[in-house]
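K.L.:
Submitted below is the structure of interest, expressed as structure tokens.
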Amino acid sequence: MGSYALPRRSLVLFLLAAAAVASTAAWAAASSAAGGGDDAARRSLLDNGLGRTPQMGWNSWNHFGCNINENTIRSTVDALISTGLTKAGYTYVNLDDCWADYQRTKEGYIAADPKKFPSGIKALADYVHSKGLKLGIYSSAGSRTCSKTMPGSLGYEDIDAKTFASWGVDYLKYDNCNSDGSSETVRFPKMSFALRKTGRPIFYSICEWGQRNVATWGGQYGNSWRTTGDINDSWASMLSNIDSNDASASYAKPGGWNDPDMLEVGNGGMTNDEYVVHISLWAIAKAPLIIGCDVRSISRETLEILSNPEVIAINQDPLGVQGKKVRKYDNEIEVWAGPLSQQRTAVLLLNRGATGSRQITAAWQDIGVGPGVAVEAKNVWLHATAPGRFTGSLTAEVAAHSCKLFVLTPVGRAGEERIELGS
């Protein structure tokens, strides 16, 4: 699989270089404004040591919206541990919008809403850290956040970054609401420089909704970048977001990831089969796995979907190459694929149709497996390796609004043959 990954890395380097040249003016403006002009500081922004694999955790927004408080967050921490989700890899506990007081203090500091978080954010961070987890927080590159219930960080990047660091925050989701009209390529780098200057490693999640071709410059400043608008808990929204995200696949790499938004698994708007498709697509696309449901009352089925270790292993594979859509047969059936470490390949067969099962074939020339290479195929949702070896292609029957996700492991070479898998 080395020949599959190497051209991609070369393309990434070329595109990043081109993006850097194109954005010189924006970079200079951001550097001057943020005091980040030295070359060593710029280079260090490319690798703050975080996000070597896509981030995993939980976020309050998709289920709770503005209805959050410190008891909800603490009980969520406890539930992440008791359900085993923490052991599965979900380690960030992220506050979204509405955590702060309506106005800054007279000294200009952002402060927690005293009714929602009477103990303060540092005490909450201490609790999260005591459980072996990490705390995330939220702001916006504007005068107010998206809810308009709390201040944004535009013009306060340094003071807010220092405040977050002093509290022990590990992650910042930085939104794009209520800006002053200046470019995202100016506003988002300012916070990146500010975070870097604190000296505390803070995962920087850029949430500018795919504006300004963010994938071409996001990796210079952040550990992940939203490539889409907000997801909602529906089949159509989920597929729309992953389709948009797919266009930026070549820019993902260890340390920086395309983000099609958080998971809706468990919120009730889709069937379990559709949620399996949801997390399978996010896994093969190396998207952040950020749970968005109430894990305190999680169902057994939802827990099984979110904690499948073989699906998570695809997402967290150290090779760090985003899988993508490699074949679309019609408006209903598709093949997604991407290389994994140890010469393996992840393959997802997707039936987007609403009725009826379909036979879907993944051909070796489409998925990057060499001609004549024989593989074993493991269905990671069944936790079972299919009998026999496959050479040339793999075909399986896939039900409506469902998928099958395989890991192919090479086992040598054989004569050309095609083997079909039943349902």
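The values are calculated or read from the model by the stated rules, or taken from the named source; none is laboratory data. Everything quoted here is computed from the prediction, not taken from an experiment. Ideal geometry is used to build each Cβ from the backbone, glycine not excepted, and the neighbour counts take in all protein chains shown. Each accessible area value is taken on the protein alone, full model and side chains, heavy atoms only, with ligands, DNA and RNA left out. Shrake-Rupley method; radii C 1.70, N 1.55, O 1.52, S 1.80 Å.
K.L.:
Of all the residues that make up the range 345-397, how many are in a loop (DSSP other than H, G, I, E, B) and open to solvent by 60 Å² or more (accessible area, probe 1.4 Å)? So that I can check it myself, show each step before the final result.
P.N.:
Quick first cut of the range 345-397, residues in a loop (DSSP other than H, G, I, E, B) only: 352-357, 368-372, 380-383, 386-389.
Okay, now just the ones that are also open to solvent by 60 Å² or more (accessible area, probe 1.4 Å), so 354-355, 357, 371, 382-383, 387, 389.
Result for the range 345-397: 8.
K.L.:
Which condition number does P318 fail, the rest of (1) surrounded by fewer than 22 Cβ atoms within 10 Å (Cβ to Cβ); (2) under 20 Å from G51 (Cβ atoms); (3) touching a strand residue (DSSP E or B) at 6+ places or on another chain (Cβ under 6 Å) being met?
P.N.:
(3)
K.L.:
So, in the range 60-97, exactly how many residues are in contact with a Cys (Cβ under 9 Å, 6 or more places away or on another chain), crowded, with 22+ Cβ neighbours inside 10 Å and without any contact (Cβ under 8 Å) to a residue 60 or more places away in the chain?
P.N.:
Residues meeting the conditions: 1.
K.L.:
Going by the conditions given, is S139 assigned by the TED database to the domain that holds M262 and either more than 30 Å from G84 (Cα to Cα) or modelled with pLDDT under 95 (or both)?
P.N.:
no
K.L.:
Among the residues of the range 98-111, what is the count of those that are farther than 20 Å from C66 by Cβ and either without any contact (Cβ under 8 Å) to a residue 24 or more places away in the chain or crowded, with 18+ Cβ neighbours inside 10 Å (or both)? It would help to see each step written out before you state the result.
P.N.:
Filtering the range 98-111 down to residues farther than 20 Å from C66 by Cβ leaves 105-109.
With either without any contact (Cβ under 8 Å) to a residue 24 or more places away in the chain or crowded, with 18+ Cβ neighbours inside 10 Å (or both) added as a condition, the list becomes 105-107.
Final tally of qualifying residues: 3.
K.L.:
Just name the residue that is most open to solvent (accessible area, probe 1.4 Å) out of those in the range 145-165 that are within 23 Å of D259 (Cα to Cα) and of a type in the set (G, A, S).
P.N.:
Looking at the filtered set, the residue picked out is S147.
K.L.:
Here is a check on your reading of the model: is G168 surrounded by fewer than 22 Cβ atoms within 10 Å (Cβ to Cβ), in contact with a His (Cβ under 7 Å, 6 or more places away or on another chain) and either under 30 Å from G84 (Cα atoms) or modelled with pLDDT of 95 or more (or both)?
P.N.:
Yes.
K.L.:
Quick check on my filter: what residues within the range 260-316 are of a type in the set (V, I, T) and assigned to a loop (DSSP other than H, G, I, E, B)?
P.N.:
Within the range 260-316, V265, T271, I298 meet the criteria.
K.L.:
Checking W209 against (1) out of contact with any Asp or Glu (no Cβ under 6 Å at 6 or more places or on another chain); (2) in contact (Cβ under 8 Å) with a residue 40 or more places away in the chain; (3) within 19 Å of Y174 (Cβ to Cβ): exactly one of these is not met. Which one?
P.N.:
(2)
K.L.:
If you don't mind, there's one more thing I want to ask. For the range 112-135, give me the residue count where each residue is among the hydrophobic types (A, V, I, L, M, F, W, C), in contact with a strand residue (DSSP E or B) (Cβ under 9 Å, 6 or more places away or on another chain) and surrounded by fewer than 18 Cβ atoms within 10 Å (Cβ to Cβ).
P.N.:
Adding up the residues that qualify gives 0.
K.L.:
Go through the range 259-284 and report how many residues are more than 20 Å from K324 (Cβ to Cβ) and either in contact with a helix residue (DSSP H, G or I) (Cβ under 9 Å, 6 or more places away or on another chain) or crowded, with 24+ Cβ neighbours inside 10 Å (or both).
P.N.:
11
K.L.:
List pairs: first in the range 329-342 and over 19 Å from G353 (Cα atoms), second of a type in the set (K, R) and in a strand (DSSP E or B), Cβ under 9 Å, 6+ apart or cross-chain?
P.N.:
Taking only residues 6 or more apart or on different chains, the pairs are A337/K324; A337/K325; A337/R327; G338/K324.
K.L.:
Additional query: Regarding the range 230-246, can at least one residue be identified that is assigned by the TED database to the domain that holds S192, farther than 24 Å from K404 by Cβ and either surrounded by fewer than 17 Cβ atoms within 10 Å (Cβ to Cβ) or out of contact with any Phe, Trp or Tyr (no Cβ under 8 Å at 6 or more places or on another chain) (or both)?
P.N.:
yes
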